[in-house]
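Student: Handing you this structure, nothing more for now.
The values are calculated or read from the model by the stated rules, or taken from the named source; none is laboratory data. Being a predicted model, the structure only gives us computed values, none of them experimental. Cβ atoms come from the backbone with ideal geometry, glycine included; neighbour counts cover every protein chain shown. Quick note on the areas: whole protein, heavy atoms, side chains included, nothing else; ligands and nucleic acids left out. Shrake-Rupley method; radii C 1.70, N 1.55, O 1.52, S 1.80 Å.
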Amino acid sequence: PEQVDQVLTNLIDNALRFSPAHEPVSVLVWGDVHEFHTRVRDRGPGISSANLPRVWDRFFTTERATGGTGLGLSIVRAIVETHGGRVGVESSPGAGTSFWFTLPRRL
């Protein structure tokens, strides 16, 4: 549970940091017979197509000047994959970003 909390905290913190003031950040969680799904969406500036493939790379950040370390998303990916899940991102410049992850349902 602590590691899932860290995943959610990292994704929500990023969404809040990149969203304009007074714009909502949404968190959607649902499940099916095989997996639990979570999506965190912001309405920020989005991620360029050049940077999108690199967001999961350790130490990659476009925010180093404001204190970004480039570790948060690589930690998210490591935790989710360690638990047998998957991660992904969808983004368009000017249209916000959605980070999602799935975790297997253990019965």
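Student: Just one of the numbered conditions (1) in a strand (DSSP E or B); (2) open to solvent by 40 Å² or more (accessible area, probe 1.4 Å); (3) without any contact (Cβ under 8 Å) to a residue 40 or more places away in the chain is not true of Val87; which one?
Tutor: Against the list (1) in a strand (DSSP E or B); (2) open to solvent by 40 Å² or more (accessible area, probe 1.4 Å); (3) without any contact (Cβ under 8 Å) to a residue 40 or more places away in the chain, Val87 comes up short only on (2).
Student: Pairs under 6 Å by beta carbon, first residue aromatic (Phe, Trp, Tyr) in segment 1-18, partner outside any helix (DSSP H, G or I), six or more apart or different chains?
Tutor: Sorted first by the residue in segment 1-18, then by its partner, the pairs are Phe18/Asp42; Phe18/Gly44.
Student: So is Trp56 under 15 Å from the mean Cα position of the chain (by Cα), surrounded by 13 or more Cβ atoms within 10 Å (Cβ to Cβ) and without any contact (Cβ under 8 Å) to a residue 60 or more places away in the chain or not? So that I can check it myself, show each step before the final result.
Tutor: Details: under 15 Å from the mean Cα position of the chain (by Cα): yes; surrounded by 13 or more Cβ atoms within 10 Å (Cβ to Cβ): yes; without any contact (Cβ under 8 Å) to a residue 60 or more places away in the chain: yes.
Yes.
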